[in-house]
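Notes for the one structure printed next.
The values are calculated or read from the model by the stated rules, or taken from the named source; none is laboratory data. These numbers come from a predicted model, not from an experiment. Cβ: placed from backbone, ideal geometry, glycine included. Neighbour counts: every protein chain shown.
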Amino acid sequence: MPLNTLRGRVAFIFEEEDFDVDQIVGVKNIKLKDPCELAKVAMEAYDPDFADKVQAGDLLVGNVNFGYGHPHYPPMIAMRQLGIAGVIAESFAPGYWRGEIAMGFPQAACPGIISLVSRWDEIEVDFDANEIRNLTSGKMLHMEPLAEGDRDMLENGGLIGYLHARDKEE
Amino acid sequence: MGSTIAEKILARAAGKERVRAGDEVKVRPDFVIAYDFPGYTDVIFRQMKEDFGIDKVVGPERYALFIDHMVPAVTPAEEQLHKITRDWGKEQGVPVYERKGIGHQVAAELGYATPGAFAVHFDGHISQLGTYGTLAIGVRRHLLEAFVKEYIKLKVPQTTRVELTGKLKPGVMARDVFHHIVRVIGSSGARFHVLEIGGDALDHISLEGQQTITSLAMFTGAITAIINPNERSLAYAKPRARVDLEPVSSDPDADYAAVHRIDISKLEPIVVIPPSPANTRDLSEVAGTPIDLGYLGSCASGRVEDMRIAAQILKGRQIKEGFQLHVVPTSQEIMRQASEEGIITDLVAAGAFVTSSSCDYCFGRMGVMSEGQKAVSTGTLNVRGRMGSPDSEIYIVNPAAVAAAALEGQIVDPRKYM
């Protein structure tokens, strides 16, 4: 099954290395469960008007070792509620990566992405060609191919769908 | 080219002659381990039945559940979660270990740290079973796969080896060694790799100390840590091993992604500055920082040698008025040993608050701080809000430095009290 190419604007660039994603909603909100409530508090510390600016299909960009520390799920639940379709980072911390892939949330590791894009550029993430194309600047970078298991999981919408697909296959 | 210990363990678990880093394989975990926690075990039990129609796990003897968080329960909902776990264990024939201590440590005591075995948990600190040559990986929610499938899919990881040389100075501990490794190889130095620890320095670091080092592997980006079995670790792990496996070791010509040689003989006590586990500095840089609370415990630290050194520092002295010192042994067995040795007596006499083993002090459920307070801690993490208010701060230090801070109410080099 092909993985759909993502196309959207760079809604935010997290320039900090070892970025602790919990900061997206703030530790004081980390126990919230309702996606709408989480969406309301998301990005307060970075861009209070973020929710008004973002549109469905937009993407986030991160630096090296994105998701380091002790990542929880609410920050990206908030981001998905706001329409964010995936994250591209220089590299990811394994715990964060694994957690979000299990949620069926597309991620792409792409060394050089930080210098390839500016905020609000329109970009494409092509999981078949393993390319990230900046449609605004016309520049392109190769991303790291997904591991087979990760790709299966994204194609099936996350862990549950993936395990059902394995039921059929076995 | 030879194989790493991780490749050998995964080859056996995959039923193959040989696997290489990068191969995608289906492996049968020898052990599937979890503690009960909302959103993990309760959800897994439900999904197993409702989404997959599975009534019984395959090979219940491979599974182990621990009740170590929210112990004792302070709300009916917490106790209900524990009840669900106990009932599920009974129904499945899966052992549930309760009130024995922090699961990652108790798992080692009970023989789940079988040399050569492959184990999965949702929590990455299970990496400490690697001290005994067990490949133990924290897979977060993917743990569901190990409850509904006998075999799980895994990409064989590369291995980064760290060779430790030299002998620590007195007052410098295993905890300092781990954070120094982060300082040298970086917070993503072993990203997605197995961190293999070796070198002559290990001869001078106890198995307890080695568990401290392997338990924290995730902060180098590693998915786990492992040490090749040796006479000492086998003497501990073999008699209690739960399955009969041949211990394996990395070949001398194994293919490593990187090899780092780190001399620890000149290492000084370190501190990890909030709010990131990547911020290792020498403790001397922040000496004098006022501190309100000390925590000596967690799955990383809180073992007999950790409490022994704290007791040596505190014996015959009193902790500073108003300072809160919480000492939480990693397991009840460790508490018993410390008690026999008189360590608990010395700690209590100095004013420490010693409690039964539990994870609750580490993740901000008990002994929490209010806004503006600062702690020295041997807990696993120093991120914002980990021990209470998001506006409190956690300085990670070795157990001796927690004790010394308790005497002065500030960060201080513990060696002046030794």
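Quick notes
- Answer from B:G221, B:G209, B:G166, B:G186 - the residue that is touching a residue at least 24 places away in the same chain (Cβ under 8 Å) and farther than 30 Å from A:F19 by Cα: B:G166
- For segment B:302-351, the set of residues classified as crowded, with 17+ Cβ neighbours inside 10 Å, small (G, A, S) and farther than 21 Å from B:L207 by Cα consists of B:A350, B:G351, listed by residue number.
- The criterion of at least 1 residues that are modelled with pLDDT of 95 or more and aromatic (F, W, Y) is met, among helices (runs of 4 or more DSSP H) falling completely within segment A:1-87, by A:50-53.
- The number of residues in segment B:198-226 that are within 9 Å of B:T131 (Cα to Cα), in contact with a Leu (Cβ under 7 Å, 6 or more places away or on another chain) and more than 14 Å from chain A (Cβ to nearest Cβ) comes to 2.
- Residue that is surrounded by the fewest Cβ atoms within 10 Å (Cβ to Cβ) [pool: residues in segment A:86-107 that are away from chain B (no Cβ under 14 Å) and touching a residue at least 40 places away in the same chain (Cβ under 8 Å)]: A:P106
- Of the residues screened, B:F363 is one that is in contact with a His (Cβ under 9 Å, 6 or more places away or on another chain) and either surrounded by fewer than 24 Cβ atoms within 10 Å (Cβ to Cβ) or among the hydroxyl-bearing types (S, T, Y) (or both).
- Filtered residue count, segment B:14-41, keeping only those that are away from every other protein chain (no Cβ under 14 Å), of a type outside the set (A, V, I, L, M, F, W, C) and closer than 30 Å to B:T75 by Cβ: 3
- Residue check for B:S301: touching a Lys or Arg at 6+ places or on another chain (Cβ under 7 Å) and assigned to a loop (DSSP other than H, G, I, E, B): yes
- Which listed residue, of B:A11, B:A6, B:A21, B:A34, is surrounded by fewer than 22 Cβ atoms within 10 Å (Cβ to Cβ) and not in a loop (DSSP other than H, G, I, E, B): B:A11
- Residues being polar (S, T, N, Q) and surrounded by 24 or more Cβ atoms within 10 Å (Cβ to Cβ) - total across segment B:210-249: 6
- When the strands (runs of 3 or more DSSP E) confined to segment B:316-418 are screened for residues that are within 14 Å of chain A (Cβ to nearest Cβ), those reaching at least 2 such residues are found at B:393-396.
- Search result, residues across segment B:105-141 that are of a type in the set (G, A, S) and either assigned to a loop (DSSP other than H, G, I, E, B) or within 14 Å of chain A (Cβ to nearest Cβ) (or both): B:G111, B:A113, B:G116, B:A117, B:G124, B:S127, B:G133, B:G138
- Summed over segment A:135-170, residues that are away from chain B (no Cβ under 13 Å), crowded, with 16+ Cβ neighbours inside 10 Å and in a loop (DSSP other than H, G, I, E, B) total 1.
- When segment B:43-90 is filtered for residues that are among the aliphatic types (A, V, I, L, M) and either assigned to a helix (DSSP H, G or I) or on the phi > 0 side of the Ramachandran plot (or both), the ones remaining, listed by number, are B:V43, B:I44, B:M48, B:M70, B:A77, B:L81, B:I84.
- Residue check for B:A352: modelled with pLDDT of 95 or more, outside the structural domain of B:V402 (by TED's automatic domain parsing) and either β-branched (V, I, T) or within 24 Å of the chain's Cα centre (by Cα) (or both): no
Quick grid of which residues meet (1) under 22 Å from A:N4 (Cβ atoms); (2) without any contact (Cβ under 8 Å) to a residue 12 or more places away in the chain; (3) not acidic (D, E):
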position: A:I84; (1), (2), (3): yes, no, yes
position: A:I132; (1), (2), (3): yes, no, yes
position: A:I160; (1), (2), (3): yes, yes, yes
position: A:D167; (1), (2), (3): no, yes, no
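- Residue among B:V182, B:V177 that alone is within 14 Å of another protein chain (Cβ to nearest Cβ) and assigned to a helix (DSSP H, G or I): B:V182
- Only one of the numbered conditions (1) touching an Asp or Glu at 6+ places or on another chain (Cβ under 7 Å); (2) under 24 Å from B:G364 (Cα atoms) is not met by A:T5, and that is (2).
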